[in-house]
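K.L.:
Below is a structure I'd like to ask you about.
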Amino acid sequence: MQLAQLDLDQINNELRDKEPTAILRWALSLNVPTILTTSFGYNSAVSLHMLAETDASVPVVWVDSGYNAKDAYVVAEKLMTDLNLNMHIYNPLQSAERRAAVLGVPSSDEPEFATFTEQVKLEPFKRALDELKPQVWISGIRKEETEHRQNLDIVSIDNQGILKVAPIFCWSEDQVEAYMAEHNLPNCKHYFDPTKVAEHAECGLHTLPA
């Protein structure tokens, strides 16, 4: 299937009023190599639970920087086990301990920050793309989260030519929290991404250049 030839405007109009699980099933019905990405951050369990209920065989990519909070790692382990996810975990080539001892973690206003982001987040993700070669990328991004995401849609084509599908794109925070409560999903209270300069900033994966 030539995904680049899809009429995205028509598809987005058709999916606009669909439930997230219906959008997820539409993405899987394309029957091409597909991944779902997760940060195991706050409310990440929603997309993971939906995938597990629909098709748990889909590869789930987690770029683990090694810098997250203990609480986030505990919740991640529980979700991976409880949902029986098909995990593909990618780590930086250099451990967090080694980097801390030799280089430290630069602040966002230092020139080394771009290199740090590349090494702990972007390089592992590029490795995942090279190995899994997805044509469809399912994510848990939502429109209201960042300014960049307000310019996207449920279905879009990214700079890599990958079809990105966001089943909960139109959901509000209240809808996400209601789903979490309904399904009694665990949530981390503390989450840390060293590559995000602010709470509502992009981490880099969704703005990866071609």
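The values are calculated or read from the model by the stated rules, or taken from the named source; none is laboratory data. All values derive from a computational prediction rather than experimental measurement. Cβ: placed from backbone, ideal geometry, glycine included. Neighbour counts: every protein chain shown. What goes into the accessible areas is simple: the full protein's heavy atoms, side chains included, and nothing from ligands, DNA or RNA. Shrake-Rupley method; radii C 1.70, N 1.55, O 1.52, S 1.80 Å.
K.L.:
In region 1-26, what residues are over 13 Å from Asp153 (Cα atoms), in contact with a helix residue (DSSP H, G or I) (Cβ under 8 Å, 6 or more places away or on another chain) and either part of a helix (DSSP H, G or I) or of a type in the set (Val, Ile, Thr) (or both)?
P.N.:
Pro20, Thr21, Ala22, Leu24, Arg25, Trp26, listed by residue number.
K.L.:
Looking at region 170-193, I want the residues that are farther than 30 Å from Gly66 by Cβ and have a partner that is open to solvent by 40 Å² or more (accessible area, probe 1.4 Å) with Cβ atoms under 7 Å, at least 6 apart or on another chain. Which pairs are those?
P.N.:
Short answer, once both residue conditions are applied: Cys170/Lys143; Ser172/Glu144.
Here is a yes/no grid of residues against (1) under 19 Å from Arg142 (Cβ atoms); (2) free of Cβ contacts under 8 Å to residues at least 60 places away in the same chain; (3) among the hydrophobic types (A, V, I, L, M, F, W, C):
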| position | (1), (2), (3) |
| --- | --- |
| Pro20 | yes, no, no |
| Ile23 | yes, no, yes |
| Ile35 | yes, no, yes |
| Met50 | yes, no, yes |
| Asp55 | no, yes, no |
| Val63 | no, no, yes |
| Val74 | no, no, yes |
| Met80 | no, yes, yes |
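K.L.:
Next question, about the same structure. Look through region 178-194, keep the residues that are more than 14 Å from Asp82 (Cβ to Cβ) and among the aliphatic types (A, V, I, L, M), and return whichever of them is least open to solvent (accessible area, probe 1.4 Å). Give the steps one after another, and end with the answer.
P.N.:
Of the residues in region 178-194, the ones more than 14 Å from Asp82 (Cβ to Cβ) are 178-179, 181-182, 188-194.
Within this subset, residues satisfying the condition of being among the aliphatic types (A, V, I, L, M) are 178, 181.
Details: Ala178: 59, Ala181: 78 Å².
Only one residue tops the list, namely Ala178.
K.L.:
Mind counting the residues in region 68-86 that are under 22 Å from Ala128 (Cα atoms), out of contact with any Gly (no Cβ under 9 Å at 6 or more places or on another chain) and crowded, with 16+ Cβ neighbours inside 10 Å? It would help to see each step written out before you state the result.
P.N.:
Initial filter on region 68-86 (under 22 Å from Ala128 (Cα atoms)): 68, 72-73, 76-77, 79-81, 83-86.
Applying the additional criterion that residues be out of contact with any Gly (no Cβ under 9 Å at 6 or more places or on another chain) yields 73, 76-77, 79-81, 83-86.
In the following step, the residues that additionally are crowded, with 16+ Cβ neighbours inside 10 Å were identified as 76, 79-80, 83, 85-86.
Result for region 68-86: 6.
K.L.:
In region 95-108, how many residues are at pLDDT below 85 and assigned to a loop (DSSP other than H, G, I, E, B)? Give the derivation first.
P.N.:
Here is the first cut: in region 95-108, the residues at pLDDT below 85 are 99-108.
If we keep only those that are assigned to a loop (DSSP other than H, G, I, E, B) as well, we get 103-108.
Of the residues in that region, 6 qualify.
K.L.:
Could you please find all residues in region 148-177 being loosely packed, with under 13 Cβ neighbours inside 10 Å and in a loop (DSSP other than H, G, I, E, B)?
P.N.:
If the condition is that a residue be loosely packed, with under 13 Cβ neighbours inside 10 Å and in a loop (DSSP other than H, G, I, E, B), then Asn159, Gly161, Ser172 are the ones that fit.
K.L.:
I'd like to check something: does region 134-142 contain any residue that is over 30 Å from Trp26 (Cβ atoms) and small (Gly, Ala, Ser)?
P.N.:
No: region 134-142 contains no residue that is over 30 Å from Trp26 (Cβ atoms) and small (Gly, Ala, Ser).
K.L.:
Looking at the structure I just gave you, is Gln119 closer than 29 Å to Ala96 by Cα, open to solvent by 60 Å² or more (accessible area, probe 1.4 Å) and in a loop (DSSP other than H, G, I, E, B)?
P.N.:
no
K.L.:
Residues in region 68-82 that are in a loop (DSSP other than H, G, I, E, B) and under 17 Å from the mean Cα position of the chain (by Cα): how many? If you could, list the steps in order and put the result at the bottom.
P.N.:
Taking region 68-82 first, the residues in a loop (DSSP other than H, G, I, E, B) are 68-69.
After this cut, where a residue has to be under 17 Å from the mean Cα position of the chain (by Cα) as well, the list is 68.
The qualifying residues number 1.
K.L.:
Among the numbered conditions (1) open to solvent by 30 Å² or more (accessible area, probe 1.4 Å); (2) more than 15 Å from the chain's Cα centre (by Cα), tell me where Ala96 comes up short.
P.N.:
(1)
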